[in-house]
1. Quick one: go through region 225-263 and flag any residue whose amide nitrogen is under 11 Å from the point 7 Å out along the Cα-to-Cβ line of Q91.
2. What per residue convex hull volume, in Å³, do the alpha-carbon atoms of region 7-90 yield?
3. Bin by bin, in steps of 5 Å, what percent of the Cα pairs in region 20-141 do you find, going until the bin that has the longest distance?
4. Evaluate 2.2 N^0.38 Å with N set to the residue count of region 164-276, then give the Cα radius of gyration divided by it.
5. Given charges of +1 on the Cβ of Lys and Arg and -1 on the Cβ of Asp and Glu, with all other atoms neutral, how large is the dipole of region 104-198 about its Cα centre, in debye to the nearest 20?
6. Can you give the alpha-carbon Rg of region 200-342 over 2.2 N^0.38 Å, where N counts its residues?
7. Please compute the contact order of region 239-298 in relative form: average sequence separation of alpha-carbon pairs under 8 Å and at least six residues apart, divided by the residue count, as a percent.
8. Please work out how many pairs of lysine residues in region 59-180 are eight or more positions apart (or on different chains) and have Cα atoms closer than 23 angstrom.
Amino acid sequence: MLENWSKEVAIQRLLALTLLTILIILCFQVVRFFISPAIWGAILAYITFPLYRFFHQKVLLSPTLSALIMTFGVSLMIGVPLVIGVFFLQQEVIAFYSMAIHRLQAGYVDLPDSIKNLPVIGQQIKNLLWEINKDPEASMAAVRTWVQSHLYYGKIAFDAALKNLAKLGMALMTLFFFYRDGKSLMRQIRQALRNIIGDRIDDYINSVGATTQAVIYGIGLTALAQALLAGIGYVVAGAPNPILLTLITFVAALIPFGTPFAWGAVALWLLSQGHTTEGIGLGLWGILVISWVDNLIRPIVISGATKIPFIIIFIGVLGGLTAFGFVGLFIGPVVLAIGLAVWREWISQHKDEIFAKKDSDFAIDDETALLKNTTPKPILNEDKLE
């Protein structure tokens, strides 16, 4: 009787576990597209929540109105630079296309001597330019054929842009609900994790919060400072469209060691256009000033606030970027911070067991040394000495 009852309970639990697994898989399939926007919304809500608290508690606005104000403000902060960047990029593409078509039709496609005189490939570049300028009509036909054969890639890029815009809209939508219902949601998540893991989850959540804040502020402040300094360099060096270049530099600066590729490319372009002084000056400005900002702000803000080695943050940023895309810049360090917190807690709990053998070995060595030092020396016969 008892054996049959145990089998029934086991079968019921197995069926319940199977149904729960299927439910989790189906839920994941439904919300998979919204996971990344929700994470972005959570990150934005977390770092700007003090402002929301100001409107709600100091100004005494309702939670819904405070959330609307904050969501609108964040939308402007993201949307305005994005629209400006797209506008300048569009103007640059149109200007470059018009110039290229005009020169191609006139049979005057040329490059600076510094590029044509490059070793190994310089002669090949000269031959290619000669072939293009020899028959402009054939060159135009080749360009049209190439563009038509690669229209598919343009469609892919357009679809990716629309997809990212949709994700941005979803992130801003979830941002509103994180502002309004964030506290209630965090209490539910904390209680659910406490039911599974125990009270130690509070330390993990605090570690995650501190790491997230430090990583976001460290990466964001570093990128902003480097972009502003690079923008000053672009203006002084006379680079075209310094606002667009500054925005591109800000995006590149979010990735560790990505900033030199931004200002370095501009410096090389200035050198290729014959602006030697400006190119060398921008290169020195980037090496001596812009790069040092990354070496100062990022380690101080991140490692100083979280007590986590900077190499862990560095690996987390690059590994997260590889595994999760752009949002992995923030997910990676947080995941490694949780792992490091678990490791430190485990070491702290089992410290006596881990170091017991080592301590006992030291005790045995000390006792052996003491016995060696206290061993009586043989008594010499003074008569034999004489």
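The values are calculated or read from the model by the stated rules, or taken from the named source; none is laboratory data. Quantities reported herein were computed from a predicted structural model and do not represent experimental measurements. Cβ coordinates were reconstructed from backbone atoms using ideal geometry, including for glycine residues, and neighbour counts include every protein chain displayed. Heavy atoms of the whole protein, side chains included, go into the accessibility calculation; ligands, DNA and RNA do not. Shrake-Rupley method; radii C 1.70, N 1.55, O 1.52, S 1.80 Å.
1. Answer for region 225-263: 241-244.
2. On the way: hull volume 13.2 nm³, N = 84.
That works out to 157 Å³ per residue.
3. Result, from short to long distances: 2, 9, 9, 9, 9, 8, 7, 7, 6, 8, 9, 7, 6, 3, 1 percent.
4. Details: Rg = 21.0 Å, N = 113, 2.2 N^0.38 = 13.3 Å.
Against the empirical 2.2 N^0.38 Å value, I get 1.58 for region 164-276.
5. Details: 12 positive and 7 negative charges, 215 e Å.
The calculated dipole for region 104-198 is roughly 1040 debye.
6. Values: Rg = 17.1 Å, N = 143, 2.2 N^0.38 = 14.5 Å.
So the Cα radius of gyration is 1.18 times the expected 2.2 N^0.38 Å.
7. On the way: 35 pairs, mean separation 14.7, N = 60.
Value for region 239-298: 24 percent.
8. Working: K116/K126; K116/K134; K126/K134; K155/K163; K155/K167.
Summing the qualifying lysine pairs gives 5.
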